[in-house]
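Read through the structure below, which is laid out as structure tokens, and then see the notes.
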Amino acid sequence: MINITLPDGSSRQYEKGTTAHQIALSISEGLARNVLAAEVNGEVWDSSRPIEGDATVKLLTWNDQAGKATFWHSSAHIMAEALEALYPGTKFGIGPAIETGFYYDVDFGDREFSSDDFKEIEAKILELARQKEVFERKAVSKADAIKYFEEKGDEYKLDLLEGLQDGKITFYTQGEFTDLCRGPHIPNTGFVKAVKLMNVAGAYWRGDETRKQLTRIYGVTFPKASELTEYLHMIEEAKKRDHRKLGKELELFAFSEKVGMGLPLWLPKGAALRERLVQFLTRAQAKAGYEQVVTPHIGHKNLYITSGHYEKYGKDAFQPIKTPQEGEEFFLKPMNCPHHCEIYKTKPRSYKDLPLRFAEFGTVYRYEQSGELHGLTRVRGFTQDDAHLFCRPDQVKEEFKKVIDLVLYVFKSLGFDDYTAQVSLRDPENKAKYIGSDENWRLAETAIIEAADEKGLPTVVEYGEAAFYGPKLDFMVKDALGRKWQLGTIQVDYNLPERFELEYTGSDNQKHRPVMIHRAPFGSLERFIAVLIEHCAGNFPLWLSPEQFIILPISEKYEDYAKKVSDELNNSDIRGLIDFRDEKIGRKIRDAEVKKIPYMLIIGEKEMAEGKASVRKHGEGDLGEMTLQEFSELLIKEITV
């Protein structure tokens, strides 16, 4: 007998060789019908694979991310089977699951392929799915694997086999299709009920431009047809909310080839919105005891050698700036933390001075590859709402919890209510990627885990996601469409204080090392604003909106009254403008709706005579006539920040 521990901590005994499917069946038939795979001692397995010893088991369904990944990886195999049936002689590269579905890299030989072929392939995939073909796992020797793919003439699988160890090679077969694969897979193809091939692109084999370009086909599948319908609706909604599209329509930002790729230009309305976010966080930071600092956009090469950034990121940075001085090199600032360490060192520090909290809206530069640039979410120059806290070891947890409070205040103020805190730890199997002692990492990781637990945060743990100098707490936020974004991060760092030899004098009159906490509630202003645009579809909270109202005079006879109304509202710190165009009022209203201006004040003869305005709200319609006092009170009540 073997002991199986389930996620709720309960333990059950089963015969050796029991499968995850059998475990699910012992709990309920309904659960067994929905199990796609299982996590066995942290590793995802086929639900049909025998468990030979004591294990911790988590049964995976469509509701688990690992369950979805297994479902989509299996779908890639079903698509490959369909392609091989429809187009004999097709060769296959790799076919992994991705965040939103799967892809397979395919070599069609001389055959032309395009999205016009999608419908035929989709139909074949569903035909194969209905046959409920079982995914069968088989261990094979390297020699037999090579022989199989030599006979098929598939040079891509032979290339993959070169890097695999004999004794660790497995094939998976469903129906007439066999693939080199480590798995896992869903029990059978019948779980797939809906499919949509999304797009086709070119991809060089192994990412090497000197090798053949393959055809990469992207797709997505679901266990219910209704879920595909919902997904396609979300895709269309996402297109409408695309921050690049709305950013142009709302005149917030632009890019210029002459300025350079990935370097955004903030237009007046976007700059005003950005500045209001800065002021909002500056006020919150001042209340929390932060001091504002400013550091240069460049730093001496030695600064980044000391911090470790040059060793880790030097090759991916902008090229050094050489000066007339022989051997002198500067870098565009990739991080603010080394500069803040030097600010700490400007004078002796005592234990009574700590914690010190230095904050800066610091612009940094990183040479992202051109193919990875994407609107404001991936740029080469961006401004971090950066701060570094220097504290005693006994202050770390309390300071960390205060930072959590600040991050949650930012999220609440901007309507991000659905989030998970990701505890990002180092990879225990590859410590060479990180700097610092095991003891420092243990202390830092413990502080984060305990602080998150004491604040009652919903958390997940991810190994290998830590920064090279310390673990962190990353906030994964779901937007209005249910998409996940990483916004806001807090990091505990015992290592940079050592590298920069930071000290304070303790109560024992001895020298001690402070601990650093890195934090950025927005992450970067550029990325945060991009996510905010898509989250609220450009309908910003009233306090943040570039214009809170627009006055629409019916004709030029009422322009003087419109100016008087505008002046009164502006004097009450309510922002707006007047539409002086010689257009019909219906056109003015439509244009104001497109620009997503929160309130419209329509002014004609009656309104002018009574000292009022007819008020319309964006997306809601007519609110009736109001005096300026009533309108001001309405807006002030809505502005909560």
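For L623, nonlocal amide neighbours, meaning residues 5 or more places apart or on other chains whose placed amide H falls under 5 Å from its own, are V615, R616, K617. Peptides 334-345, 411-422, 112-123, 610-621 ranked from most to least packed by the mean count of surrounding Cβ atoms within 10 Å: 334-345, 411-422, 610-621, 112-123.
Beta bridges from DSSP with both residues in region 549-638: antiparallel share about 55 percent, rounded to the nearest 5.
To the nearest 10 degrees, how steep is helix 225-241 against the longest Cα principal axis of the chain, on a 0 to 90 scale? Result, in degrees: 40. A simple charge model with +1 on the Cβ of Lys and Arg, -1 on the Cβ of Asp and Glu and nothing else charged puts the dipole of the chain at about 700 debye relative to its Cα centre. Between S114 and Y463, full extension at 0.36 nm per residue minus the direct alpha carbon distance yields a gain of 121.7 nm.
Based on the inverse mean of 1/r over its pairs of different Cα atoms, what is the Kirkwood hydrodynamic radius of region 2-61, in Å? For region 2-61, the Kirkwood estimate is 11.0 Å.
Loop-only check: which GluC sites (Glu not before Pro) in region 8-43 are DSSP coil with at most 13 other Cβ within 10 angstrom? Of the GluC sites (Glu not before Pro), the ones in loops of region 8-43 whose Cβ has at most 13 other Cβ atoms within 10 Å are E15.
Distance distribution note for region 38-141: the fraction of Cα pairs above 22 angstrom is 41%. Note on K352: lysines with a C-alpha under 25 Å away, same-chain residues under 8 apart excluded, are K287, K397, K401, K402, K511. Which Cα, out of H243, H339, L525, lies furthest along the positive dipole direction of the chain (beta carbon charges, K/R +1, D/E -1)? The one lying farthest along the dipole's positive direction is H339. Were the residues from Q22 through A143 laid out at 0.36 nm apart, the gain over their Cα-Cα distance would be 40.1 nm. What is region 430-574's relative contact order, in percent, from Cα pairs under 8 angstrom and six or more apart in sequence? Relative contact order comes out at 16 percent. Contact order for the chain, expressed relative to its length and based on alpha carbon pairs under 8 Å spaced 6+ residues apart, stands at 8 percent. The fraction of Cα-Cα pairs per 5 angstrom bin, counted from 0 for region 67-238, comes to 1, 8, 17, 21, 21, 16, 9, 4, 1, 0, 0 percent, rounded to whole percents. Put simply, when 173-185, 384-396 are sorted by average Cβ atoms within 10 angstrom per residue, most first, you get 384-396, 173-185.
Charges were assigned to the Cβ only: +1 to each Lys and Arg, -1 to each Asp and Glu. The resulting dipole of region 549-638 about its Cα centre is roughly 340 debye.
This model, with +1 at the C-beta of Lys and Arg and -1 at the C-beta of Asp and Glu, gives region 2-61 a dipole about its Cα centre of some 100 debye. Arranged from fewest to most other beta-carbon atoms within 10 Å of their beta carbon, Y494, Y87 become Y87, Y494. Mind checking the angle between helix 585-594 and the chain's longest principal axis? C-alpha axes, 0 to 90 degrees, to the nearest 10. The answer is roughly 50 degrees. Here the Karplus relation 6.51 cos²θ - 1.76 cosθ + 1.60, evaluated at θ = phi - 60°, turns the backbone of region 445-451 into coupling constants of 5, 5, 4, 5, 4, 5, 5 Hz, with x for every Gly and Pro.
Annotation: amide H-H contacts under 5 Å for W45 (H modelled 1.01 Å from N, sequence separation of 5 or more, or interchain): A38, E39, V40. Here the relative contact order of region 67-238, from alpha carbon pairs under 8 Å that lie six or more residues apart, stands at 26 percent. Between the residues Q213, V106, G381, the greatest Cα displacement towards the positive end of the dipole of the chain, with unit charges on the Cβ of Lys, Arg, Asp and Glu, is found for G381.
Going toward the positive end of the dipole of the chain, with +1 on Lys and Arg Cβ and -1 on Asp and Glu Cβ, which of V477, G260, V515 do you reach last? Selected residue: V515. Working note: 222 nm ellipticity from helices only, DSSP H runs with n ≥ 4, each -39,500 (n - 2.57), summed and divided by the residues of the chain, gives -10500 deg cm²/dmol to the nearest 500.
In degrees from 0 to 90, rounded to the nearest 10, what is the angle of the helix 525-536 Cα long axis to the longest principal axis of the chain? In the chain, helix 525-536 runs at an angle near 90 degrees to the longest axis. Here region 19-97 and region 261-304 have alpha carbon centers that stand 46 Å from each other. Past 24 Å, Cα to Cα, is the threshold; run K142/K196; K563/K584; K147/K168; K132/K224; K196/K239 against it and keep the listed order. Long pairs (Cα-Cα over 24 Å): K142/K196. Listed values for region 519-524 are Karplus-derived 3J(HN,Hα) couplings in whole Hz (6.51 cos²θ - 1.76 cosθ + 1.60, θ = phi - 60°), namely 8, 8, x, 6, x, 9, and x replaces Gly and Pro.
Each reported figure results from applying straightforward, stated rules to the coordinates on display, with no laboratory input. If you're wondering where the values come from, they're calculated on a predicted model, not measured in any experiment. No Cβ is skipped: glycine too gets one built from the backbone with ideal geometry, and neighbour counts run over all protein chains shown.
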